[in-house]
1. Within the range 203-216, is even one residue under 30 Å from residue 60 (Cα atoms), under 23 Å from the mean Cα position of the chain (by Cα), open to solvent by less than 70 Å² (accessible area, probe 1.4 Å) and not hydrophobic (A, V, I, L, M, F, W, C)?
2. I'm trying to understand the selection: among the residues of the range 229-255, which are part of a helix (DSSP H, G or I), near the ligand (Cβ under 9 Å from one of its atoms) and in contact (Cβ under 8 Å) with a residue 24 or more places away in the chain?
3. For residue 62, which of the numbered conditions (1) surrounded by 23 or more Cβ atoms within 10 Å (Cβ to Cβ); (2) assigned to a strand (DSSP E or B) fails to hold?
4. Give the number of residues within the range 251-263 that are in contact with a Gly (Cβ under 8 Å, 6 or more places away or on another chain) and open to solvent by less than 10 Å² (accessible area, probe 1.4 Å).
5. With the structure loaded, tell me whether residue 271 is closer than 24 Å to residue 134 by Cβ, within 12 Å of the ligand (Cβ to nearest atom), over 21 Å from the mean Cα position of the chain (by Cα) and not assigned by TED's automatic domain parsing to the domain that holds residue 17 or whether it fails that test.
6. Which of the residues spanning the range 291-319 are of a type outside the set (Ser, Thr, Tyr), surrounded by 14 or more Cβ atoms within 10 Å (Cβ to Cβ) and within 22 Å of residue 228 (Cβ to Cβ)?
7. Among 288, 222, which is open to solvent by 10 Å² or more (accessible area, probe 1.4 Å) and either closer than 20 Å to residue 199 by Cβ or within 12 Å of the ligand (Cβ to nearest atom) (or both)?
8. May I ask you to verify whether residue 203 is acidic (Asp, Glu) and within 16 Å of the ligand (Cβ to nearest atom)?
Amino acid sequence: MAILVFIEQRDGKVRAVSREALGEAVRLAGSLGGPVVGVCAAAADPGLAALGEAGASEILLASHEAFGRYEPAGIVQAVVAAVEKVKPAAVLFPASAMGRDLAPRVAARLGVGLAADCTALAVEGGRLIASRPVYAGKALQRVAFTGSPALVSLRPKIFAPAPAHNGGTLVVTPLPVEVDAAAARSRVREVKATSAGKVDLTEAEIIVSGGRGLRGPEHFDIIEALAASLGATVGASRAVVDAGWRSHGDQVGQTGKTVSPKLYVAVAISGAIQHLAGMSSSRCIVAINKDPDAPIFKVADFGVVGDAFEVVPALTEAIQKLNAHA
Ligand SMILES: Cc1cc2nc3c(=O)[nH]c(=O)nc-3n(C[C@H](O)[C@H](O)[C@H](O)COP(=O)(O)OP(=O)(O)OC[C@H]3O[C@@H](n4cnc5c(N)ncnc54)[C@H](O)[C@@H]3O)c2cc1C
């Protein structure tokens, strides 16, 4: 049986989160068997070169002008049509903003279960077993599926991406869908991009986040400087966002973004469970806090007990010196 992967694109390019889902599908295909097929909804044919980046050997392409923006009803229809055509054992979605909205809709339409925001997949006795953090990351739940196909969404930055397809034998099969955009119950009317060129938090390799201990938005300049020296994206705790110091797009945590960068630097953040829920799966966590009992130190790989206003500029300077010699 095949494994189907939802290929998410942005500006005509396959998103990194989809390559990660494909990489995991290719790995699972070794034990579950079957080809890896991608299903992609695009406004126009993105061309083989763009789809080749995905890494699958076949792509079912549903083209419709309404797919220039996220169009839930039509895209659900495309994924359901792909499931009916391919009859996969599993369908993988990225747990991106789009995937988090789309996967439950597809599950409801198919009447099957969904394991959302998974951090590991395994095949045991021929069955797919998904692991996902629950209770704000305090416990790990292992999920098996009774129905078929098994639907899972994968937390970004956890799984190794599939290498780009060489384009040689990539098959693109048109997938006809009828979309009645006028009858859609919800519609994306406008997309407001955050500052141009900034790597999205969910895709960032390195994140430097600031908390309420910074005492005001003007002090985020030390966070920005450290982030610039590391090539990092800036994040924030909810206390900072609620205070209006940073935009909600910067918020990490249970009611913000879930991130899994290689390096997460938490500056003047206490480490409340709701913050940990969004970042505890980061590969390496560095905490800077003046309170030695701050809960953030319980999840940190490296901790500095000290005043952020002294530690952060010193760290930035040291990194800049290293950069200069690199
Ligand atoms: C339903 C719900 C959902 C929530 N969702 C989220 C979420 O998504 N994300 C999130 O972050 N929070 C969330 N929260 C809020 C969360 O409970 C905390 O209130 C919040 O994370 C605290 O932010 P903070 O660590 O920046 O501030 P504080 O808890 O005030 O911590 C500030 C820290 O800075 C340290 N500090 C102070 N001065 C300095 C200094 N000069 N140098 C170094 N350290 C210093 C202090 O020791 C302290 O540890 C949620 C809460 C609820 C109830």
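1. yes
2. Kept after step one, since they are part of a helix (DSSP H, G or I), are these residues of the range 229-255: 229-230, 238-242, 248-250.
Restricting the remaining residues to those that are near the ligand (Cβ under 9 Å from one of its atoms) gives 238-242.
Across the range 229-255, the qualifying residues are 238, 239, 240.
3. (1)
4. Here is the first cut: in the range 251-263, the residues in contact with a Gly (Cβ under 8 Å, 6 or more places away or on another chain) are 251-254, 256-259.
When the remaining residues are screened for being open to solvent by less than 10 Å² (accessible area, probe 1.4 Å), the result is 251-253, 259.
Count: 4.
5. Numbers: closer than 24 Å to residue 134 by Cβ: yes; within 12 Å of the ligand (Cβ to nearest atom): yes; over 21 Å from the mean Cα position of the chain (by Cα): yes; not assigned by TED's automatic domain parsing to the domain that holds residue 17: yes.
Considered against the rule, which asks whether it is closer than 24 Å to residue 134 by Cβ, within 12 Å of the ligand (Cβ to nearest atom), over 21 Å from the mean Cα position of the chain (by Cα) and not assigned by TED's automatic domain parsing to the domain that holds residue 17, residue 271 comes out as yes.
6. Looking only at the range 291-319, we keep the residues that are of a type outside the set (Ser, Thr, Tyr), and these are 291-315, 317-319.
Filter once more, so that each one left must be surrounded by 14 or more Cβ atoms within 10 Å (Cβ to Cβ): 294-297, 299-300, 303-306, 308-309, 311-313, 315, 319.
Once the filter is applied, which keeps residues that are of a type outside the set (Ser, Thr, Tyr), surrounded by 14 or more Cβ atoms within 10 Å (Cβ to Cβ) and within 22 Å of residue 228 (Cβ to Cβ), the range 291-319 yields 304, 306, 308, 309, 311, 312, 313, 315, 319.
7. Numbers: 288 fails: open to solvent by 10 Å² or more (accessible area, probe 1.4 Å).
Within the list 288, 222, the selection yields 222.
8. Numbers: acidic (Asp, Glu): yes; within 16 Å of the ligand (Cβ to nearest atom): no.
Considered against the rule, which asks whether it is acidic (Asp, Glu) and within 16 Å of the ligand (Cβ to nearest atom), residue 203 comes out as no.
The values are calculated or read from the model by the stated rules, or taken from the named source; none is laboratory data. Quick caveat: nothing in here was measured; it's all calculated off a predicted structure. Using ideal geometry, Cβ is built from the backbone for each residue, glycine included, and neighbour counts are taken over all protein chains shown. The protein model used for the area step is the full one, side chains on, heavy atoms only, and it has no ligands, DNA or RNA in it. Shrake-Rupley method; radii C 1.70, N 1.55, O 1.52, S 1.80 Å.
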